[in-house]
1. In the range 178-229, what residues are more than 25 Å from Ala19 (Cβ to Cβ), modelled with pLDDT of 95 or more and under 16 Å from the mean Cα position of the chain (by Cα)?
2. Starting from residues that are of a type in the set (A, V, I, L, M, F, W, C), farther than 20 Å from Ser226 by Cβ and surrounded by 15 or more Cβ atoms within 10 Å (Cβ to Cβ), keep the ones in the range 3-27 and report whichever is farthest from ligand 2 (Cβ to nearest atom).
3. Please work out which residue is nearest to ligand 1 (Cβ to nearest atom), limiting yourself to the range 171-200 and to residues that are touching an Asp or Glu at 6+ places or on another chain (Cβ under 9 Å) and in a loop (DSSP other than H, G, I, E, B).
4. So Glu98 clears everything in (1) within 16 Å of ligand 2 (Cβ to nearest atom); (2) under 30 Å from Arg125 (Cα atoms) except one condition, right? Which one?
5. Do the conditions hold for Lys43, that is, is it closer than 17 Å to Leu190 by Cβ, basic (Lys, Arg) and away from ligand 1 (no atom under 16 Å from the Cβ)?
6. So, in the range 142-192, how many residues would count as being among the β-branched types (Val, Ile, Thr) and touching a Pro at 6+ places or on another chain (Cβ under 6 Å)?
7. May I ask you to list the residues in the range 64-74 that are surrounded by 13 or more Cβ atoms within 10 Å (Cβ to Cβ) and in a helix (DSSP H, G or I)?
8. Would you confirm, using the coordinates I've provided, whether Gly22 is closer than 17 Å to Ile54 by Cβ and at pLDDT below 95?
Amino acid sequence: MTHLLEVEDLQVNYGHIRALKGISLHVASGEVVAILGANGAGKTTLMRTLSGLIKPAAGKVTFDGHDTTRMGADRIVRLGIAQSPEGRRVFGTLTVEENLHMGGFTRPPAEIAASCAHVYQIFPRLHERRAQLAGTLSGGEQQMLAIGRALVTKPRLLLLDEPSLGLAPIIVRNIFKVLSDVRKTDVTVLIVEQNARMALKFADRGYVLEVGKLSHEGPARELLASPEIQAAYLGRG
Ligand SMILES: Nc1ncnc2c1ncn2[C@@H]1O[C@H](COP(=O)(O)OP(=O)(O)OP(=O)(O)O)[C@@H](O)[C@H]1O
Ligand SMILES: [Mg+2]
């Protein structure tokens, strides 16, 4: 069976640091898959490699039947993968609307307005703030914009790197509620999170990354119930 995303024995090095030591995973169309892992495990490295921002030393990435292993980032976006990066990275001196337009660079100009309208429907707050400079948005609003900017490309696979980072619990719940709506629109999601409990409640399946190697994988429910995962990643509660 072929999956929307297939990753085979992926290896990524930064000089002599081996950040990904041969990992294999898959994401089926329509799934939400969570990657858990401590700081420095290689989660962001994986996301950036899937987006074409980092070139792997070895291994293979296949998206929808296309070999994207060494493809440029813009072609990968055009194929249907969009990333909401760690730390949000919105363009602070541009308005909300301009940020969304930048995100929509792969869309035909005539479709950008409709794509933006779709994002404003998902995040009404962004519509209210559309003329505001992104750098003056709150942290939660910037996270919405980062996700919105990825959604403007009409991705089939949405990569989310730590969408809850640094946000108050109520904002985190709001963002996950919106993401639940997004997944109903046929968007497949690969999410990286240190908030493991939140991510596993949202996901169908999960993988655990430990310093560049996958250590566990399984249905999200099983990972949530596993004493080992609870002790290492879920804390109390
Ligand atoms: N540009 C870089 N140059 C050298 N080493 C890097 C670079 N980027 C990441 N690393 C190293 O690669 C390893 C994996 O980093 P990565 O950012 O992928 O981890 P992460 O799982 O996303 O961590 P966090 O939870 O803190 O975001 C770390 O040891 C990190 O120091
Ligand atoms: Mg990271």
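1. Asp204, the sole residue that qualifies.
2. Leu4
3. Gln194
4. (1)
5. Working: closer than 17 Å to Leu190 by Cβ: yes; basic (Lys, Arg): yes; away from ligand 1 (no atom under 16 Å from the Cβ): no.
Here the answer is no, as Lys43 does not meet what is asked.
6. Of the residues in the range 142-192, the ones among the β-branched types (Val, Ile, Thr) are 147, 152-153, 170-172, 175, 178, 182, 185, 187-189, 191-192.
Within this subset, residues satisfying the condition of being touching a Pro at 6+ places or on another chain (Cβ under 6 Å) are 175.
Going through the range 142-192 one residue at a time, the tally reaches 1.
7. Applying the first criterion (surrounded by 13 or more Cβ atoms within 10 Å (Cβ to Cβ)) to the range 64-74 yields 64, 66, 68-69, 71, 73.
Once the filter is applied, which keeps residues that are surrounded by 13 or more Cβ atoms within 10 Å (Cβ to Cβ) and in a helix (DSSP H, G or I), the range 64-74 yields only Ala73.
8. Values: closer than 17 Å to Ile54 by Cβ: yes; at pLDDT below 95: no.
Taking the combined requirement at face value, the residue does not satisfy it.
The values are calculated or read from the model by the stated rules, or taken from the named source; none is laboratory data. None of the values given here were measured: they were computed from a predicted structure. So basically every Cβ, Gly included, is an ideal-geometry build from the backbone, and we count neighbours across all protein chains shown.
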